[in-house]
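First up is the structure itself, then whatever we jot down about it.
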Amino acid sequence: MSIKFKTIQRKNLQKPNNPAKWYAVAVGDGDTGLQDLAAYASETSTVSKADILAVLESCFTKVTKDLSEGRIVRVGDYFTLQMSISSEASDTEEEVTSSKVKKSKINFRPGKMLSDMIKLAAFQRKQF
């Protein structure tokens with residue numbers, strides 16, 4: 001299988017007088033949900049889909065809890081999740097309080113297995 005892409009035209013906002021150029025942009029080609037993961041695991045093991053779903057739900061509940069407590073979640077060689085925040089600037093250290101935090105997000109860092117997959121990925125233009 002290949003990763004599908006489409007083409008889009010973009011202007012360089014730093015050089016607005018230059019002509020727009022064409023770029024490849026990855027596009028989704030379906031999606032995989034928790035049920036799909038459980039079904040696959042069930043097909044490739046002796047564990048039932050219901051048992052796998054219970055384990056996955058439990059794991060993701062723990063991931064959510066740990067992230068909300070500021071922990072870094074390392075999922076083996078697959079990936080790492082960590083919270084990050086953005087805040088308003090302050091003139092002094094004392095002025096920096098939780099009310100200055102304006103945005104939070106989860107950083108995803110691929111581990112070795114996903115990084116290796118990225119290096120070996122094949123690409124194909126999607127036909128619309």
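A short reminder: the numbers here are calculations on the coordinates, not readings from a lab. These figures come from a predicted structure and were not determined experimentally. Reconstructed Cβ throughout: ideal geometry from the backbone, glycine too, with neighbour counts over all protein chains shown.
Laid out as a table, the results:
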read-out	value
Among (1) 161; (2) 106; (3) 202, the entry derived from the coordinates for volume of the Cα convex hull per residue in Å³	(3)
Charge dipole of the range 72-121 about the Cα centre (unit charges at C-beta), most positive-ward option of 114, 82, 104	114
Estimated FRET transfer efficiency (residue 87, residue 48; beta-carbon r; R0 41 Å; 0.05)	0.30
Residue-span extension gain [residue 80 to residue 18] - 0.36 nm each, minus C-alpha spacing	18.4 nm
Members of 62/105; 4/103; 62/126 lying beyond 29 Å, as alpha-carbon distances in this model show	4/103; 62/126
Total charge dipole magnitude, the chain, about the Cα centre, Cβ charges on Lys, Arg, Asp, Glu only, Debye to nearest 20	920 debye
